[in-house]
Structures are given as structure tokens and as C-alpha cells.
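Structure record follows, encoded as C-alpha cells.
The values are calculated or read from the model by the stated rules, or taken from the named source; none is laboratory data. All of these numbers come straight from a predicted model, not from anything done at the bench. Neighbour counts run over all protein chains shown; Cβ positions are idealised from the backbone, glycine included.
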Amino acid sequence: MRRRVIGLTVLALLAVTSVAVAGSGAWFHSQSDSYVSVQAAHVHDWLHVYAEDTDPGGLTGYAVRRLSSPPTPAASGQDDTVVVDLGGFPDVNQAFEFARTITVMTPATFPEPAVTQVTVAVTLLPDPATGSQILRQVKLVPVGETKGAGSVTMAAGEQLQVDLTVRTRKQLELGRTYAPRVVLTLTYAGGPVDYFVWEIPMTCAVVGL
């Protein structure tokens, strides 16, 4: 695979490198048996992440943080600066739906000229401190619709929303803020399997209301 070299190149011989993106909980994972520049194949060359305050088309109707007053979108920022606070939740067995928490958008053209479409998958990881998973379901959905999937093929310039479900239960610790993560994985035909992986932390506070 051809890669643009922007900054310092590092030698990675069949090794996996995980690099934290400054100012966020996002992680860029790379694996290669050749010279690799961490910045040369950044995930945002292939996929952007938006909140309501950064949406390039002015899209509104993003998910609102629970119990916020005045009502405030749960997410803010773009790409490396995305922050997601889903709000406060009761310590009872209950489900809460968040449609259009964030959106993802492919660029107008992909970095590799031969690539005309990519596959984006979305999965969940639990809170790293406790191992508890407060998120029940996540899916990629066409903007304005309700039906989606965990893996979607996207053409250039396409935007999808990320819908998810928070599932609370009595076993959660009252007063604790959990930080589960939504994981985006991007692949394309002929490309690496696990090169573009981005973890987005989402905080959920158990407040007992």
C-alpha cells in the first residue's frame, strides 16, 4: 500500500504501534512490516467524526445529554477533539436510546486513488477501570433513518450517524462515572485489516435519578 510520508518515519518490523491522539481518548493503531509514518496514514485521511457544533453541513438533531439543563448535545468537537458525555442515569434496569450521538463522514476522495469505497465497523468496549459495559448496542445508520448495522460500506463523501443504547442496571455503582468506548474500524479491499482503529470514550454517570 502506498503511504504519504508527512513526518518522521519509524521502522516497525512486524510490530504493532499504538499512538494516543493528543487531547482525546482516541487511539491510532498501526501494523506494518515496512517503514511507517504515524501521521502519513492518519485515520482522518479516511474518515471524519463530527458532533452538532462541527457538522460541516449544519446538521442538527444530535443526541442530547441526559439531565442537561438547558438541553445540550451529548457530543462536541471534531475528529481528535470529539468529547462525548451521555449524562446522568439511574441505578435501575432501564434502556436509554441515543440517536445520532455523533456522525462519521468519508472524505470527498480517498487517499488511495484506486479505492472507491471503504467498510466501517462499529463495536463496543467496556469501561476499562471496572470491566462493566453500560452500552448495550451501537450501529451505523443513514442520516435521518432508524435501521442500521454494525458494519457498513461507505462511498466517498457519505455521512452516517452513530446510534447507541445505554443499558443501566442495579449492579452499577451509584456515584461512579463509567467510560465505555465506541470503536470505529475502517478497512478497504487490498488494504490492511487492523490499520485504522479509533476508540472514542463516552462517559455515563450513575446518579440514581
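Taking the stretch 58-98 as the range and being closer than 23 Å to A156 by Cα and out of contact with any helix residue (DSSP H, G or I) (no Cβ under 6 Å at 6 or more places or on another chain) as the test, the residues that pass are G58, L59, T60, Y62, G77, Q78, D80, T81, V82.
Taking residues in the stretch 119-139 that are touching a residue at least 60 places away in the same chain (Cβ under 8 Å) and among the polar types (S, T, N, Q), and partners anywhere that are loosely packed, with under 14 Cβ neighbours inside 10 Å and assigned to a strand (DSSP E or B), the pairs with Cβ atoms closer than 6 Å and at least 6 places apart or on different chains are T119/T153. Filtering the stretch 70-93 to residues that are more than 13 Å from the chain's Cα centre (by Cα) and hydrophobic (A, V, I, L, M, F, W, C) leaves A74, L86, F89, V92.
The set of residues from the stretch 94-128 being under 22 Å from G57 (Cα atoms), part of a strand (DSSP E or B) and not basic (K, R) comprises F98, A99, T101, I102, T103, V104, M105, Q117, V118, V120.
Per-residue answers, yes or no, for (1) over 23 Å from T185 (Cβ atoms); (2) among the acidic types (D, E); (3) at pLDDT 95 or above:
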residue	(1), (2), (3)
S69	yes, no, yes
D80	no, yes, no
D85	yes, yes, yes
F96	yes, no, yes
I102	no, no, yes
K139	no, no, yes
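Taken over the stretch 140-172, the residue count meeting the criterion of being polar (S, T, N, Q), without any contact (Cβ under 8 Å) to a residue 40 or more places away in the chain and within 21 Å of F196 (Cα to Cα) is 2.
Looking across the stretch 156-209, the residues that are within 19 Å of P128 (Cα to Cα) and among the acidic types (D, E) come down to E173, E199. Within the stretch 100-111, being on the phi < 0 side of the Ramachandran plot and crowded, with 18+ Cβ neighbours inside 10 Å holds for T101, I102, T103, V104, M105, T106, F110.
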